[in-house]
Amino acid sequence: MSTAPAAEKKAQANEFNPFESMAQLFDTAADHLGLDRGLREVLRLPDREMTVAIPCVMDDGRIEVFIGYRVQHNFSRGPCKGGIRYAPDVNLDEVRALAAWMTWKCAVVDVPFGGGKGGVICDPRQLSKNELERITRRYTAAILDILGPDRDVPAPDMNTNEQTMAWLMDTYSMHVRKTTTAVVTGKPIALGGSRGRTEATGRGVLFTTREACKKLGIRPQDARVVVQGSGNVGGIGAMLLHREGYRIISMSDQYGAIRNDKGLDVPAVLQHLKATGKLQGFAGADAIPGGKSQLEIPCDVLVPAATENQITSENAPRIQTKLIVEGANGPCTATASRMLDERGIMVVPDILANAGGVTVSYFEWVQDRMGYFWTEERVNSSLEQIMVKSFEDVSSVSVKYKVSMRIAAYILAIDRVATVYRMRGLFA
Ligand code: NAD
């Protein structure tokens, strides 16, 4: 048997491994910076990883054991920050990659956090609210020693929400015997959450889309936008873009996609989604196949805001857009990224485009520690300032090093983290 298919399979497996993708981009940026081998090793590997068993008494009395992870990629610039994901297929490599992306993301927007991420292998759709609460509390108790406002501050991610964060905050507070709101962000406003947090990632997508469109000379009213995913990032991002005059011609969810080239009435789409749980059946659009084929619709701006590995070496040649704004984490593989660069498609990378969420999480943490809460206007205008400045910072690095926005974002982030290491020195 020829070895070619095996080699191809391995290359493909590597392409879809998010940690490999992150590591390839990291290496390219580190080469541009001339980063020495030692520091490269330090920054590449997670500082700490924890795997925990989470026994849970199910509603029918059975005991099931779930597996949970918390990865702290780097805490040189401050406490680790990053979401907790509940999914049947979440795995350690994925959590490692997401934790590293958080380190680079926090450095790109220059908030004083390192990167962390957590995950629990479970299918939330099959679990009752009581079971989810017990899993969340036991997971929190299991990782409690490495959490804390000065150590590691989780947030919601896929399939977790403000209720999950409220349970986490309560469990931590019961253990340390004082209410500690700053241990987690993305909480309900009544429990110390920040105004504007729910919309923050979508709003960041809006600001970065606007800045990129200015650079490309695309006017909002001329922009046809395709959005993959209709959740916190995709749904809210689509809504905010629609309000600013962009024409959203297609949206999708995990069940399928809808299309109307005249422009979707996004508030009505989201209302339909809320009422029925699916985009399918929305009267003002055609139902079209979802998944990756939606990404091939000709458009001016493509916003993948669902999950990772959506644009790969297989479909990158068929993407027909001028601009990609990565609402999701890791929607383009590293290989696809290079192919898109070669095709002259501008990509606003995830660690910049979706950094609005962590930026407002930072505001939430600051407000909790001060015990003083900001107005929504203050949150939104502070977010805008940071997103616009970060976009400009990344653009300048891209011009200076003659690299894509993605590699530029990594260069900026790695340089900021490496500078801190050089100043602090290595504790031995
Ligand atoms: P969510 O659970 O609110 O929404 C996910 C959406 O994607 C849903 O509409 C779901 O139906 C859809 N979806 C899932 N698989 C799909 C597929 N194969 N094709 C089309 N649609 C699909 O999640 P979210 O919070 O919006 O997160 C989406 C992405 O953004 C993730 O990669 C997450 O890590 C990233 N992100 C989220 C935030 C945040 O603040 N929520 C911040 C930064 C990055």
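Quick one: is residue 254 open to solvent by 70 Å² or more (accessible area, probe 1.4 Å) and within 16 Å of the ligand (Cβ to nearest atom)? For residue 254, the condition - open to solvent by 70 Å² or more (accessible area, probe 1.4 Å) and within 16 Å of the ligand (Cβ to nearest atom) - is met. Selection of segment 203-228 for residues being part of a loop (DSSP other than H, G, I, E, B) and open to solvent by 10 Å² or more (accessible area, probe 1.4 Å) yields 217, 218, 219. Scanning segment 376-405 for residues that are open to solvent by 20 Å² or more (accessible area, probe 1.4 Å) and closer than 17 Å to residue 362 by Cβ yields 376, 378, 380, 381, 382, 384, 385, 386, 388, 389, 393. Of the residues in segment 267-290, none is among the basic types (Lys, Arg) and either in contact with a Leu (Cβ under 6 Å, 6 or more places away or on another chain) or under 29 Å from residue 342 (Cα atoms) (or both). Residue count for segment 313-336 under the criterion of being within 16 Å of the ligand (Cβ to nearest atom) and either open to solvent by 30 Å² or more (accessible area, probe 1.4 Å) or touching a strand residue (DSSP E or B) at 6+ places or on another chain (Cβ under 8 Å) (or both): the result is 11. In the condition set (1) small (Gly, Ala, Ser); (2) out of contact with any Asp or Glu (no Cβ under 7 Å at 6 or more places or on another chain); (3) within 14 Å of the ligand (Cβ to nearest atom), residue 230 is compliant with all but (2).
So that you can scan it fast, the table gives a plain yes or no per residue for (1) within 15 Å of the ligand (Cβ to nearest atom); (2) closer than 21 Å to residue 416 by Cα; (3) modelled with pLDDT of 95 or more; (4) among the β-branched types (Val, Ile, Thr):
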{"residue": "52", "(1), (2), (3), (4)": "no, no, yes, yes"}
{"residue": "80", "(1), (2), (3), (4)": "no, yes, yes, no"}
{"residue": "97", "(1), (2), (3), (4)": "yes, yes, no, no"}
{"residue": "113", "(1), (2), (3), (4)": "yes, yes, yes, no"}
{"residue": "121", "(1), (2), (3), (4)": "no, no, yes, yes"}
{"residue": "150", "(1), (2), (3), (4)": "no, yes, yes, no"}
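The values are calculated or read from the model by the stated rules, or taken from the named source; none is laboratory data. Please read all numbers here as calculations on a predicted model, not as lab measurements. Because the Cβ atoms are built from the backbone with ideal geometry, glycine has one as well, and the counts that use them run over all protein chains shown. We work out accessible area using only protein heavy atoms, side chains counted, and drop any ligands, DNA or RNA first. Shrake-Rupley method; radii C 1.70, N 1.55, O 1.52, S 1.80 Å.
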